[in-house]
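The values are calculated or read from the model by the stated rules, or taken from the named source; none is laboratory data. Every value quoted in this text rests on a predicted model; they were computed, and no experiment measured them. Virtual Cβ from ideal backbone geometry, glycine too; neighbours counted across all protein chains shown. Side chains included, ligands, DNA and RNA excluded: accessible areas come from the protein's heavy atoms. Shrake-Rupley method; radii C 1.70, N 1.55, O 1.52, S 1.80 Å.
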Amino acid sequence: MACLLEAPLRVSVLSEVTATSLNNHVSFLVCERSALCYSSPSCCLSDRAVVLGSLAMGTENNIKSLVDCHIIPALLQGLLCSDLIFIEACLRCLRTIFISPVTPVQLLYTDPTVIPHLMSLLSRSQHTQEYITQIFAHCCKVTHKTRATPEHQTVLFNHGAIQNIAPLLISPSYKVRMQALKCFSVLAYENAQVSMTLVNVLVDGEQLSQVFVRMMQRDKPIEMQLTAAKCLTYMCRAGDIRTDDNCIVLKTLPCLVRMCSKERLLEERVEGAETLAYLMETDIELQRIASVTDHLVSMLADYFKYPSSVSAITDIKRLDHDLKHAHELRQAAFKLYASLGSNDEDIRKKITETENMMDRIVSGLSESSIKVRLAAVRCLHSLSRSVQQLRTSFHDHAVWKPLMKLLQNAPDEVLVMASSTLCNLLLEFSPSKEPILESGVIELLCSLTQSDSPALRVNSIWALMNMAFQADQKVKVEIVQALGTEQLFRLLSDPDTNVLMKTLGLLRNLLSTRPHIDQIMSSHGKQIMQAVTLILEGEHSIEVKEQTLCILANIADGNTAKELIMTNDDMLQKIKYYMGHSNVKLQLAATFCISNLIWNEENGEELRTPGFCGGVVGQFNCNVLSVCPNIKTCTKAFTAKQYLA
């Protein structure tokens, strides 16, 4: 019986049998559930479980047939048996089924008694430890690739996964240690609760983080080094290990850089680069350290040349595999470059000066793989934060052309990143702004403001806002006409505060320069004043109301537009109210309105009545007067004729 478990029967012809015959065979094996209950001899039960495991080792169609025949509930029921050999055979078969990508992992969590029973079986043998932890690792796939929910992490955590699996990290069996380590790596990803618990776990008197550090030593298998580095990375990103901790700076980061070396296998280089990108994504010091570690920036350039014509790969199967998956290397390289260059100008410069880098990004934007395109545009977005690169490399390589093409037809995830990059290319000092304007981008951006995605609405309005900054009247009128009054006011009532703030920013940029203000307000003044009134009266944040008052101040700066305020007693009272508001930001913005209104001597006379002046000027304290030039200007205008209350 032991021999059967160590070397399960392999049905070599499974890949050649028809789906019908396979279904018949599977149905024959599982149709009588009694074959997997306690009435049959243990040797018969184990033999059947081994044959089912052999079937599972065939094609994905075999797995689907087994699942469709409800083999998973039958095998889980078999775990209730007391016979260890039979339990191990069932677990081996379950392991093979669950590691297949076609198996719905939710089947493991359907019965709430399954997980606690699996936890209780961990102590039975090294085989049960290996199979169960491998099942957990594959049925809790929450990684930076899948972006799944933490529901399965929570289930395993609540049933004592950490306490039960931690001792397995020092098991005499390498397979058990490795599967336990993989299990921790999926449990800890973006899960603060798990990470916080892991920090305080002791394994044989040693902190768990130090156990992971030992597993990253160079004499350990690459698989173990990489997985241990992932565990520490996730704990660090959760905030439970400081980014300047020695185990991160001196151990984890160098280990991940080593994984990027051309001596490593393709999948190791991909995983190493993506994990390193995730580790330092938000920390500028780690980005700076990584950029000077083992020539990482130039090392990544090799990712675009793999496999080369002089590749050392002699295994034909390995070469065929790598050719099919070479795009994953390019994707990982773009991700890591994006993370490296997200903050530091010198690093961005080093990246753009890397061999053919800008050409590679441009090519990446047009690749057939959506994931490569997304990674390439992320890299471009990271580099677009550099004023110097916008003025040089981006202009020289006309990166706006493939970016605009990408915006025409792509999934929302790509559109969000591409539109965010476009925001930077439309900044006033960017040489790309003019050719982008001439390409018909306004219509495109206005259509994107109607997206169901809040992030896409924010970015499209942001891009329009940048475009409107110091633009000529023709561009502003085109934006207003393309966007339309109805859509503009839908955006001003958007439930997402970021959308509302960017729309107010757009309106503020449109209403700048007196002739432009007067022209736009002459055609849309009534609607804009209604929107301003609704926001000032509504339950909005200080930031939203401050931006709205700034729009009002711009209107007040118009030659004819200010009449819409001067003839509106309700609006004048609102300005007076906000000048006396307890929040200094709102006081300053309201005072800016008054300052612009009284700039014209004739109109200023209408405000210089004792009641209005006394209600305005007397509401300021000395601190506000000392910090705001606009308030000083406004106060001087009021006090010139001794109207100070």
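Values computed for the structure shown
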{"quantity": "Cβ crowding within 10 Å averaged over residues, with 254-261, 104-111 ranked highest first", "calculated": "254-261, 104-111"}
{"quantity": "Global form of the range 318-377, assessed from the alpha-carbon gyration tensor, a/c cut-off 1.5", "calculated": "prolate"}
{"quantity": "Set of lysines near LYS182 by C-alpha distance (under 30 Å), chain-local residues within fewer than 8 positions excluded", "calculated": "LYS64, LYS141, LYS145, LYS220, LYS230, LYS251, LYS262, LYS317, LYS324, LYS335, LYS371"}
{"quantity": "Accessible area of the range 183-284 divided out per residue, in Å², using a probe of 1.4 angstrom", "calculated": "39"}
{"quantity": "FRET efficiency, 1/(1 + (r/R0)^6) with R0 22 Å, evaluated for ASN61 and LEU323 via beta carbons", "calculated": "0.30"}
{"quantity": "DSSP-assigned coil residues among trypsin sites (Lys or Arg not before Pro) in the range 373-439, each with at most 16 further Cβ atoms within 10 Å", "calculated": "ARG385"}
{"quantity": "The range 308-412 pair-distance distribution - Cα-Cα, 5 Å bins, rounded %", "calculated": "2, 12, 22, 21, 17, 12, 7, 5, 2, 0"}
{"quantity": "Two-site label geometry, SER447 and GLN408: point separation in nm, points 7 Å out along Cα→Cβ", "calculated": "1.1"}
{"quantity": "Segment GLU345-GLN473, length gained on full extension (0.36 nm per residue, minus Cα span)", "calculated": "42.6 nm"}
{"quantity": "Estimated distance in nm for a label pair at ASP244 and ILE99, the labels positioned 7 Å out from Cα along Cα-to-Cβ", "calculated": "4.3"}
{"quantity": "Share of carbon and sulfur in the accessible heavy-atom surface of the range 91-232 [1.4 Å probe, %]", "calculated": "54"}
{"quantity": "Fully extended contour minus Cα-Cα distance, from ALA398 to ILE316, at 0.36 nm per residue", "calculated": "25.5 nm"}
{"quantity": "The range 386-506 - percent of accessible surface contributed by carbon and sulfur, probe 1.4 Å", "calculated": "49"}
{"quantity": "Rounded accessible area per residue of the range 503-559, 1.4 Å, Å²", "calculated": "38"}
{"quantity": "At R0 = 45 Å, FRET efficiency that the Cβ-Cβ distance of SER261 and GLN106 yields, to 0.05", "calculated": "0.70"}
{"quantity": "Pairwise FRET efficiency - LEU80 versus SER173, Cβ, R0 = 25 Å, nearest 0.05", "calculated": "0.50"}
{"quantity": "Count of lysine pairs in the range 386-506 with Cα separation under 19 Å (8 or more residues apart, or interchain)", "calculated": "5"}
